[in-house]
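Q: Below is one structure. I have some questions about it.
The values are calculated or read from the model by the stated rules, or taken from the named source; none is laboratory data. These figures come from a predicted structure and were not determined experimentally. When we count neighbours, we look across all protein chains shown, and the Cβ atoms used for this are built from the backbone with ideal geometry, even at glycine. Remember, those area values only see protein heavy atoms, side chains included, never the ligands or the DNA or RNA. Shrake-Rupley method; radii C 1.70, N 1.55, O 1.52, S 1.80 Å.
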Amino acid sequence: MSENVLVTGGSGFLGSKIALKLLYSGHKVSLLLRPGSKLTRLGKHLSDFNVGYTSTFREIQDFVSNTHPTVIIHTAGSYGRNGETALEIYDANYRFGLEVMQALASVDRPVSFINTGTSLDSMVNLYALTKRHFSQFGHMFVTLSAVKMRFINVELQHMYGPGDAPTKFTTHVVQ
């Protein structure tokens, strides 16, 4: 059965791999991205995706409303490895996901929200702290709101593979 899937962070290592796998499996895939996101990892398949660049809550709300997702896979994030400020890390790892969840208030059918969290202790760095807090918020949001949503948090370990960023630990060690 084909699903209508919205992927956040589709320009990143994990998000692009998931988006391509979903596309190859016959699903309709929309990508919700921040301005400035580079989609080189999607290569020749870029035109096969419905892409939305958003920077305001209203734009996020409109994109979610227009794409009618049945599943959202939230892979957007910031590790802080490129000089991002604490506020930029917070916005990427917490606020952006919150805005997507809030935009689901206008959706009148159940949606599965799959969050890519972290297995890191929250006190390791700002990335881990904001990802952990968003996971806690997601579970609470579903419990307390009227939004028809199932929140699934996947705690990821370290990932590595072809096309990964040279700033990541494993890539650095291999090089």
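Q: Tally time: how many residues in the range 122-147 are open to solvent by 30 Å² or more (accessible area, probe 1.4 Å) and either modelled with pLDDT under 85 or among the small types (Gly, Ala, Ser) (or both)?
A: The total comes to 3.
Q: Which one is least open to solvent (accessible area, probe 1.4 Å) among residues in the range 56-97 that are over 22 Å from residue 153 (Cα atoms) and among the basic types (Lys, Arg)?
A: Only one residue tops the list, namely 81.
Q: To continue, here is another question. Among the residues of the range 1-60, what is the count of those that are in a helix (DSSP H, G or I), closer than 25 Å to residue 94 by Cα and among the charged types (D, E, K, R)?
A: Number of matching residues: 4.
Q: Within the range 40-53, can you find the residues that are closer than 21 Å to residue 115 by Cα and surrounded by fewer than 17 Cβ atoms within 10 Å (Cβ to Cβ)?
A: 50, 53
Q: Considering (1) buried (at least 19 other Cβ atoms within 10 Å of the Cβ); (2) modelled with pLDDT under 95; (3) assigned to a helix (DSSP H, G or I), say which one residue 116 fails and leave the rest.
A: Residue 116 satisfies every listed condition except (3).
Q: Taking residue 65 as the residue in question, decide whether it is over 26 Å from residue 110 (Cβ atoms) and either assigned to a strand (DSSP E or B) or over 13 Å from the mean Cα position of the chain (by Cα) (or both).
A: no
Q: Cβ-Cβ below 8 Å, separation at least six or inter-chain, first residue in the range 101-113 and open to solvent by 60 Å² or more (accessible area, probe 1.4 Å), second part of a helix (DSSP H, G or I) and among the hydroxyl-bearing types (Ser, Thr, Tyr): which pairs?
A: 106/65
Q: Kindly establish whether residue 147 is among the aliphatic types (A, V, I, L, M), more than 15 Å from the chain's Cα centre (by Cα) and not in a helix (DSSP H, G or I).
A: Taking the combined requirement at face value, the residue satisfies it.
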